[in-house]
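Worksheet: the structure to be examined is printed underneath.
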Amino acid sequence: MAPSLHSLHHYPRYAYFAVTTATATATATATSTFAPSDLGSALQAWWKSDVGVTVSSGTVTGVADQTTKANDLTNTNSVVYTTSGFGTSNSPYFSFTATSSGYLKTGTTVSMGTAAASVFMVGTMSTATAAFGGAVSAKSSGTNDYDSNFNVSWIARGGASGLGNAINTNQSNSVSTSAITPDTNYRLGVTISSATQRQYVNNVAGDSNTVGNMLAGTSQFILGNRYVGGTIGGFAWDGKIAEIVVTNTLVSSDDRASLDAYFTAKWGI
């Protein structure tokens, strides 16, 4: 494996934010020096394209988890590492293509608990993404995405008629969708608590739905595709991913606003 392009773990927080406040609701305020590490023990995984990435011949071979949990990602197919061009910060990103069906997955299971969780992503979806193609998905047990065995699409493309350009969150035949514009950089999020899931697009609350339990204690995470029928494949994401943050709690409105401000300032989107 080639040496890391960047030093591993504990990337310094951004103290130079131009964005010092953000309003998700009337009472939510952002902290100007916030970094995902400030989420404390709730933070279960943190992957990003500018730190802890190993590359061989232009493709990603590993991404180090920036928490102390060591939930590192490994490459199972062709995911291209692009060294610049994301956002106004001209930053690196992971490039997923539907034709290659490339994906990254955790070698260990991420501790998600059973009560609440939040997943946030910075990235872009192209129109080449497969219907129901997964950007961030997870599997704990079972074989089918639509049963109660916790094979979950946290952030995926919509697939039903009229939902093709929407972000889809899905479990047990319950679906929430929020419209987005293809080939546009977004800050996307999904939270779940008390069987209610809600989506966020650029920290604006989108669709919500009452669902079965999306949490199974621990989950193997997959970026760029998803499990269906016990196999990863067939539902590929096409687009860019720059950063993902996973917690095993319902992130507070203030922390969500601060995380969004961090994403905005860092990636220039």
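The values are calculated or read from the model by the stated rules, or taken from the named source; none is laboratory data. Note that the structure is a prediction, hence the values are computed from the model and not measured. With ideal geometry, Cβ positions are generated from the backbone for all residues, glycine too; neighbour counts draw on all protein chains shown.
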### Task
Within the stretch 162-169, identify whether any single residue is modelled with pLDDT of 75 or more, in a strand (DSSP E or B) and small (Gly, Ala, Ser), and answer yes or no.
yes
### Summary
(1) at pLDDT below 90; (2) more than 25 Å from Ser89 (Cβ to Cβ) all hold for Asn248 apart from (1)
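Surrounded by 15 or more Cβ atoms within 10 Å (Cβ to Cβ) and not hydrophobic (A, V, I, L, M, F, W, C): which single residue out of Thr76, Thr99 fits that description? Spell out how you get there, then give the answer.
Numbers: Thr99 fails: surrounded by 15 or more Cβ atoms within 10 Å (Cβ to Cβ).
Checking each option against the conditions leaves just Thr76.
From the residues in the stretch 179-199 that are outside any loop (DSSP other than H, G, I, E, B) and touching a residue at least 60 places away in the same chain (Cβ under 8 Å), which one is farthest from the chain's Cα centre (by Cα)? If you could, list the steps in order and put the result at the bottom.
Going residue by residue through the stretch 179-199, those that are outside any loop (DSSP other than H, G, I, E, B) are 179, 186-193, 196-199.
With the extra rule that they be touching a residue at least 60 places away in the same chain (Cβ under 8 Å), the set shrinks to 186-193.
Details: Tyr186: 11, Arg187: 9, Leu188: 8, Gly189: 7, Val190: 9, Thr191: 12, Ile192: 14, Ser193: 18 Å.
If we take residues in the stretch 179-199 being outside any loop (DSSP other than H, G, I, E, B) and touching a residue at least 60 places away in the same chain (Cβ under 8 Å), then Ser193 is farthest from the chain's Cα centre (by Cα).
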### Summary
Of Asn203, Asn225, the only residue that is of a type outside the set (A, V, I, L, M, F, W, C), modelled with pLDDT of 75 or more and closer than 24 Å to Ser78 by Cβ is Asn225
### Task
State yes or no: is Thr127 outside any strand (DSSP E or B), more than 19 Å from Ile244 (Cα to Cα), at pLDDT 80 or above and in contact with an Asp or Glu (Cβ under 9 Å, 6 or more places away or on another chain)?
yes
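Could you list all residues from the stretch 110-127 that are among the aliphatic types (A, V, I, L, M) and in contact with a Pro (Cβ under 9 Å, 6 or more places away or on another chain)?
Step one: filter the stretch 110-127 for residues among the aliphatic types (A, V, I, L, M), giving 110, 112, 115-117, 119, 121-122, 125.
The answer is Met125, and nothing else.
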